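We did not get these values from a lab; they are worked out from the coordinates using the rules stated. All of these numbers come straight from a predicted model, not from anything done at the bench. Don't worry about glycine lacking a Cβ; one is built from the backbone with ideal geometry, like all the others, and counts go over all protein chains shown.
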Amino acid sequence: MAEKYYHYPLWIRLWHGINALLCLILIFSGLSMQFSEPDRPLIPFDTAVTLHNAAAVLLSFNYIFFIVANRFSGNRKHYKISDKNYIGELLTQFRYYSVGIFKGEKAPYPVNAERKFNPLQQFSYIFIMYGCLPLIFVTGWAMLFPEIIVQKVFGVSGLFLTDLVHIITGFIISLFLIVHVYFCTMGIKLSSLFKGMINGWVEVH
Amino acid sequence: MRFFHWRRGPATLFLLFPVSLLVVSGLVQAAQEEADTTEFKSAFFDQNEKCFRCHGSTKYTYHNPVSDNEIAAMMCDNRVIHRDEFYISNHKTFACVDCHAAEYDTFPHPGELRMETPYNCIDCHGYDENYAMYQFEEIEKEFQQSTHYNTDGDAFTCWKCHNPHTYKINIRNAQNITQAIAYDNQFCLNCHSDFERLQLLTDKEEIDLLQKHEWLPNQGLHFSQVRCIECHARPNDSLMVAHLIMPKEKSVKRCVECHSQNSLLMSSLYKYQAKENRTQAGFMNAVILNNAFVIGANRNILLNRISMIVFFVTMGLLLVHLVFRIKSKPKV
């Protein structure tokens, strides 16, 4: 008998949807600029620049909204690491994903009324939301106002170093997005976790 | 302040390390910029002083034999030649009378000298094997197809852009590319941002360069990091600096001309430094990288390969995981 938990209130679903859309725009416009080809553009360069800048500004606001709403809604507790044996928990969850799941074992840290994320999920979300996103915002906004960037660091363009951090972080976020979507197929049914992000209810065994 | 207490040890050092990197790199840059202290002494210094005595400053004095008194007068701006600039210019070894008539040594100067036709670059530098590497003949050909020549004909001489008293070879020897760009752009701005000078050549309305280039993203960065001619002159593979200034309709306006792997900048601004290019092992268009950063032109080949490997390994792992999930799914 499946149980249902209302883990995704409307504000999270709206934030998540906007976040996903803007991230996709940013990834494709970013790739288009980085690998611009005059004859075969994924998105024409000038359009890509405008799209990237506009989506980045919107994503920044969306991020601020998330941080503030997370702080005052109580959702923040899901992003707090409290267990002292956290590494052990991560390894247990990793073992489940790499071995246990194929043997039909039960998930070691299933979703319940108190727990929304398993340890690996929690770790990856913290890493992305509080590590990668601030880094990509700082470097991205710096490139939007390049005059504030130190011109040269040991003879190498400061703008280039900033961009390097920006694109590496962007790449990590893009990989996260793919893995995130894949792991979302591990609900009761292939589509159940996706549906959960639309109606707010997470179904578990 | 407790934050900077040295006992914080590694954390403080971690924070100070990037700061110290910036300070050291700033000092290295400053030391490089102060390196040139060479002084040039012209063989014609004393002879030239006869001209510089009046033309070297904005005020000059002369004795009026009729009224028998000393007269102080203002020198016209365009007749003032600054010694400091002249003696570091390409023509610094010259005597004034190498180019100007010897009759100028009398004062008041004979009126007919005002009609003197000044030499152009090609008059001295053309068809001379000593200057073959500069290809003045090719420059002349390009210039004669340029919009400047098409608009003004022979009235538009080399001197409209290249001041013979101050001109220095610039981009070829540039150590600091940003300064070299500013120097080159000043040629254009002398007229195009100074309507009083511009109206000597054209009856067109005054133009607002900032507004005309409003479409350009990061306008300030473009203006300081590339020369006007990058977009406004047609590149010529056999010339060091393109001289065929195109009409504005034909200017480069497609971002990808520069922002791509085959960046136009490699055949213009960075042409002479391309020897540093490390296309295979390191960065594409590395020479641009040493001085600036051009999105789409600078690509790190190693980083590209690593990211492709990481991407395909991730996709492979997910695929394998999916296959195992499907295989291990209990049959209903």
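Summary table
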read-out	value
Residues with amide H under 5 Å from that of residue B:233, placed H, sequence gap 5 or more	B:246
Efficiency of FRET from Cβ geometry, residue B:240 and residue B:202, R₀ 35 Å, rounded to 0.05	0.80
Charge-dipole axis of the stretch A:3-204 as Lys and Arg at +1 and Asp and Glu at -1 on Cβ define it, positive-most pick from A:81, A:54, A:35	A:81
Gain upon complete extension [residue B:311, residue B:47; 0.36 nm per residue less C-alpha separation]	87.8 nm
Inter-chain shielding of A:166-174 (mean C-beta neighbours from other protein chains, 10 Å cut-off)	2
Per-residue Cβ neighbour rank within 10 angstrom, fewest leading, A:49, B:323	B:323, A:49
Amide H partners (placed H, <5 Å) of residue B:300, local residues excluded	B:284
Rg/Rh ratio calculated on Cα atoms of the stretch A:3-204 (Kirkwood radius)	1.02
Cα-derived Rg over Rh, computed across the stretch B:68-137 with Rh taken as Kirkwood radius	1.06
Straight-distance crosslink candidates among lysines, where the alpha carbon sits under 25 Å from residue A:106 and sequence neighbours closer than 8 are dropped	A:4, A:77, A:80, A:84, A:116, A:189, A:195, B:327, B:329, B:331
Cα gyration tensor shape of the stretch B:97-159, rounded if a/c is under 1.5, else prolate or oblate by comparing a/b with b/c	oblate
Amide N proximity, the stretch A:18-52 versus residue A:179 label position 7 Å along Cα-to-Cβ, cut-off under 17 Å	none
Stokes-Einstein translational diffusion, the stretch B:120-253 - Kirkwood Rh over all Cα pairs, 0.692 mPa s, 37 °C, in µm²/s	205 µm²/s
Shielding by other protein chains, B:308-314, mean Cβ within 10 Å	2
Top of A:60, A:174, A:98 by mean-square fluctuation, Gaussian network on chain A, Cα under 10 Å	A:98
Using a Förster distance of 60 Å, the FRET efficiency for residue B:322-residue B:214 (Cβ separation, nearest 0.05)	0.75
Long-range HN-HN contacts of residue A:152 with modeled amide H, under 5 Å	A:158
Spin-label model distance (nm) - residue B:186 vs residue B:154, 7 Å beyond Cα toward Cβ	3.1 nm
